[in-house]
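Below is one structure, written out as structure tokens; the observations come after it.
The values are calculated or read from the model by the stated rules, or taken from the named source; none is laboratory data. Model, not experiment: these values are computed from the prediction. When we count neighbours, we look across all protein chains shown, and the Cβ atoms used for this are built from the backbone with ideal geometry, even at glycine. Heads up: the accessible areas ignore ligands, DNA and RNA and are worked out on the full protein's heavy atoms, side chains in. Shrake-Rupley method; radii C 1.70, N 1.55, O 1.52, S 1.80 Å.
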Amino acid sequence: MQENISLKPYNTFGVDVSARYFAEVKTLEELLGALQYLKTQKLPLLLLGGGSNLLLTKDFDGLVIQLNLKGISEDVINENEVLVTSKAGENWHEFVQFCLDRNYGGLENLSLIPGNVGTSPMQNIGAYGTEIKDTFVSCKVLNLETLQVEEFDHQKCNFGYRESIFKREGKGKYVILDVTFKLTAKNHSIKTDYGAIQSELQNLRIANPTIQDISKAVINIRQSKLPDPKIIGNAGSFFKNPTIPLSQFENLKLKFENIPGYPNGEFVKVPAGWLIEQCGWKGKQIGNVASHKLQALVLINATGNASGKEIFDFSTMIIDSVKEKFGIELEREVNII
Ligand code: EPU
């Protein structure tokens, strides 16, 4: 257990706030020990994975537990399918690479997403036509009230777009310990629906892509427009893409004829990046914070010295101007602490 440490290395925004206590746990026993201490001291708890989806706005006067449970295991179901279980502390991209090295398919479109495996179910991470709910089987969690290990199956996780039970009624109640995915061992289903993947495969002159090719294409796309958090602090998409009623979308189309939208029944999902760009925010910097010049949806710690409060205030200005111009209220995707 460390005292009064800076959390700058533990969040991808690179925000410098301090934690009163900090403990890295590598086993369930260590986690239980840290939780016991928490109970006796009556401290607030902050669980950290890869720190890639949070914005720390103030010093944390409690105990930060960094989950570093490691290990990956495989369980062959039949010649076509395999169950792969990863402990929560494995780095997501390294886990995807582990699966690709064994030619296990299903996660390749999710290459290079920052963060750890343990936090992937929380917001049902997704990119380029795939979400983890497509291959997720179950996860083991520690119930913070009973300190018992429970299993959550797919249905219990109640996944939605960037949503799960862990962000709603289960918020703050569970620690995800490991996650199991069902992947293909052969006859992979190759997902190239997302336009950017198709054009990248053309650039690479690949006509019949393997899962490894898809991963390469996704890595190229991400590297070409998303800032590397190791170089410029960021937390990926800062806002969710809003879903609005079809009637509202049709009204907006009368005024903004180029507005993009992805229809889904009676609703339309509108790219927040477009809305933000139309309000003049793309590439704009105020103080230490900016909207990324290649992807307006990503807010960056432009100088490396931004405070969480500054980033939060910048995001509020964006929300206000999108609301004023389009009547759409953007919702933050990152967790604000
Ligand atoms: N767009 C703009 N200007 C911008 C950015 C986007 O006009 O500055 C418009 C364009 O019309 C573009 C459309 O938005 O065609 C979609 O852009 P993009 O393909 O970059 O995807 P996104 O909707 O902005 C989502 C996810 C990303 C994920 C990509 C690819 C959310 C909140 N974000 O972004 O996820 O990588 O799709 O699937 O759903 C993340 O969650 O951190 C993340 C990076």
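Each label point was placed 7 Å from the Cα along the Cα-to-Cβ direction; for residue 148 and residue 189 their separation is 3.5 nm.
With the biggest extent put first, the Cα atoms of the range 49-89 measure 51, 17, 9 Å across the principal axes.
Sequence-ordered 3J(HN,Hα) estimates for the range 46-53 from the Karplus curve with 6.51, -1.76 and 1.60 and θ = phi - 60° stand at 10, 8, 10, x, x, x, 9, 9 Hz, glycine and proline given as x. A Förster radius of 35 Å combined with the Cβ-Cβ distance from residue 223 to residue 83 puts the calculated FRET efficiency at roughly 0.70. When the P(r) is computed for the chain, the part past 37 Å accounts for 19% of the Cα-Cα pairs. Summarise the long-distance tail of P(r) for the range 118-269 by giving the % of C-alpha pairs beyond 18 Å. Of all Cα-Cα pairs in the range 118-269, 70 percent lie more than 18 Å apart. Under a 5 Å amide H cut-off, with hydrogens placed 1.01 Å from N, residue 130 pairs with nothing among residues at least 5 apart or on other chains.
With the cut-off at 1.5 for a/c, could you classify the range 175-236 from its C-alpha gyration tensor as rounded, prolate or oblate? It comes out oblate by the Cα gyration axes. Across the range 1-100, Cα-Cα pairs more than 18 Å apart make up 54 percent of the total. Couplings for the range 263-272, taken from phi via the Karplus curve 6.51 cos²θ - 1.76 cosθ + 1.60 with θ = phi - 60°, read x, 8, x, 7, 10, 9, 8, 10, x, 4 Hz in order; Gly and Pro are left as x. Working ranking of peptides 191-201, 112-122 by packing, defined as the average number of other Cβ atoms within 10 Å per residue, highest first, is 112-122, 191-201. Which one of 55, 204, 83 has the biggest mean-square fluctuation once the chain is modelled by GNM with Cα springs under 10 Å? Fluctuation is largest for 204.
Annotation: amide H-H contacts under 5 Å for residue 60 (H modelled 1.01 Å from N, sequence separation of 5 or more, or interchain): 18, 19, 20. Other residues with beta-carbon under 13 Å from the beta-carbon of residue 285 carry, at +1 per Lys or Arg and -1 per Asp or Glu, a net charge of +2. So what's the net charge close to residue 142: Lys and Arg +1, Asp and Glu -1, counting the other residues with Cβ under 13 Å from its Cβ? Neighbour charge sum, excluding residue 142 itself: -3.
Of all lysines in the structure, the ones whose alpha carbon falls short of 20 Å from that of residue 323, not counting any fewer than 8 places away in one chain, are 240, 253, 255, 269, 282, 284. Between 78, 241, 288, the GNM of the chain built on Cα springs shorter than 10 angstrom shows 78 fluctuating the most.
Between residue 55 and 335, 336, 337, the built amide H atoms are under 5 Å apart, and every one of these is 5 or more places off in sequence or on another chain. Mind checking the per residue accessible area of the chain for me, 1.4 Å probe, whole number of Å²? Per residue, the chain has 48 Å² of solvent-accessible surface.
Compactness of the range 28-184 was expressed as the Cα radius of gyration divided by 2.2 N^0.38 Å, which yields 1.05. Computed extension gain for residue 284 through residue 207, at 0.36 nm per residue and net of the alpha carbon distance, reaches 23.8 nm. Residue 242 sits among other residues whose Cβ lies under 10 Å from its own Cβ, and their net charge, with Lys and Arg +1 and Asp and Glu -1, is 0. The calculated Kirkwood hydrodynamic radius for the range 270-337 is 12.0 Å, given to one decimal from all distinct C-alpha pairs. Overall, the anisotropy analysis places the range 73-146 in the oblate class: the square-rooted eigenvalues a ≥ b ≥ c of its C-alpha gyration tensor yield a/c not less than 1.5, with a/b not exceeding b/c. Per-atom-type breakdown for the chain gives carbon and sulfur 48% of the accessible area (1.4 Å probe, protein chains only). Given R0 = 25 Å, the distance between the Cβ atoms of residue 248 and residue 198 translates into a calculated FRET efficiency of 0.25. The HN-Hα couplings worked out from phi for the range 107-116 by the Karplus form 6.51 cos²θ - 1.76 cosθ + 1.60 (θ = phi - 60°) are 10, 4, 6, 9, 4, 6, 6, x, x, 10 Hz, whole numbers, x standing for Gly and Pro. Ordered from largest to smallest accessible area (heavy atoms of protein chains, 1.4 Å probe), the residues 156, 240 come out as 156, 240.
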